[in-house]
1. Would you please give the FRET efficiency between ILE152 and LEU281, computed as 1/(1 + (r/R0)^6) with r the Cβ-Cβ distance and R0 = 51 Å, to the nearest 0.05?
2. Which FRET efficiency value, to the nearest 0.05, is calculated for LEU249 and SER89 with the Förster distance at 45 angstrom and r the Cβ-Cβ distance?
3. Based on alpha-carbon atoms only, what is the radius of gyration of the range 203-288 relative to the globular estimate 2.2 N^0.38 Å?
4. What aspartates and glutamates does LYS181 reach when the alpha-carbon gap must be under 17 Å and sequence neighbours fewer than 8 apart in one chain are set aside?
5. Which links in LYS69/LYS116; LYS135/LYS209; LYS69/LYS135; LYS135/LYS238 stretch past 27 Å when you go from one Cα to the other?
6. Whenever you get a sec, line up LEU284, LEU85, LEU249 from highest to lowest accessible area (probe 1.4 Å, protein heavy atoms).
7. For the peptides 123-132, 174-183, 237-246, 40-49, what is the packing order when you average, over each peptide's residues, the other Cβ atoms within 10 Å and list the highest mean first?
Amino acid sequence: MRKILLMTVLVTLMLVSRTSAQVDAHFTQYYAHPLWLNPALTGVNDGYYRVTANYRYQWPSIYSPFTTKGISGDMAVSDAFAVGLTVLSQTTGDGGYYYNNGYLSVSYKARLTEYKIISGGFQVGMLNRGIDPGKFQYGNQYNPLVGYDPTIPSNEQFMRNNATAVDGSLGLVYFDAEPDKAMNAFFGVSIYHPTQPRNQFLANGNNNKIPMRYAVHGGMRMRMSDRVDLTPHAVLLKQGDASEITGGLSLNMQLQEGTDFLLGTTYRLNDAVAPNIGIHLNGLTIGFSYDINMSKMKTASSGNGGYELSISFIGRRKITDAKFVCPRL
């Protein structure tokens, strides 16, 4: 019964909801996948190029957990312009649902003053989603004597099993790059799916419209000593009727030249708390976080919200720009 209930909820939320409460994949370490958060973060780093990879395994204790994988790369092509490419894939454990997208990113950085910088960016790409109705279990296929009975017809009619649409995003980011300042603030806004692509799955004519995803994010790097930085950060995500508020704290401790130890935690309001740990080695950053579920979902998930691994590498310039302070977490 629990498996049937969970699958029914997941299908309802992701695929055939008649409301607009439909949410994209999300990451606990959201700043570790910058092109997912804001296209204006393209090229915003203290190197020549950056490559990132993220892996998220969500709700491992339920019948069909989510797996989310993302890779991206971006690089500066001049002092002002940068380009990037990002690809994301999300699937359920049994493959009954998949979500793929790929975007080309372009950004432009303008200096308001010598150290205060604003970056604007956009993405253009493709969004593809698909389902395999034969792998779903529906509430009306529940037999009180034997449980789930696949011989009972679901009576669901699907117009198509996959849909592809042109998609994109827009964003702005501001950050203070003064190197010797005690506090460096950064914040940004972004909009994804501005054209609200339509994915029509149901045969009854209801259009499964993807609502726009809005993000407001920011933080402040505070220099506690020559070796320790403390960064409070937060993000507000809203898509359709759903919203997510996340706040966190990140500690960056320099162990030696080129080697930093990272420690922190994030809290998603009414959802989960996620401690995280990481290390930074000469441009390579590895982070690991674990979500402890605190919402009503914790009964089914046994409190296991999931884990997430992030890896990024920044290729340094031959001559480092001493003026630049990267809003990296």
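1. Step by step, r from the Cβ atoms, then E = 0.35.
2. 0.90
3. 1.50
4. ASP46, GLU114, ASP226, ASP229, ASP321
5. Pairs exceeding 27 Å: LYS69/LYS116; LYS135/LYS238.
6. LEU85, LEU249, LEU284
7. Details: 123-132: 18.7, 174-183: 15.0, 237-246: 17.0, 40-49: 23.7.
Averaged packing, sorted descending, gives the order 40-49, 123-132, 237-246, 174-183.
The values are calculated or read from the model by the stated rules, or taken from the named source; none is laboratory data. Model, not experiment: these values are computed from the prediction. Using ideal geometry, Cβ is built from the backbone for each residue, glycine included, and neighbour counts are taken over all protein chains shown. For the accessible areas, the whole protein counts, side chains as well, though only heavy atoms, and no ligand, DNA or RNA atoms are used. Shrake-Rupley method; radii C 1.70, N 1.55, O 1.52, S 1.80 Å.
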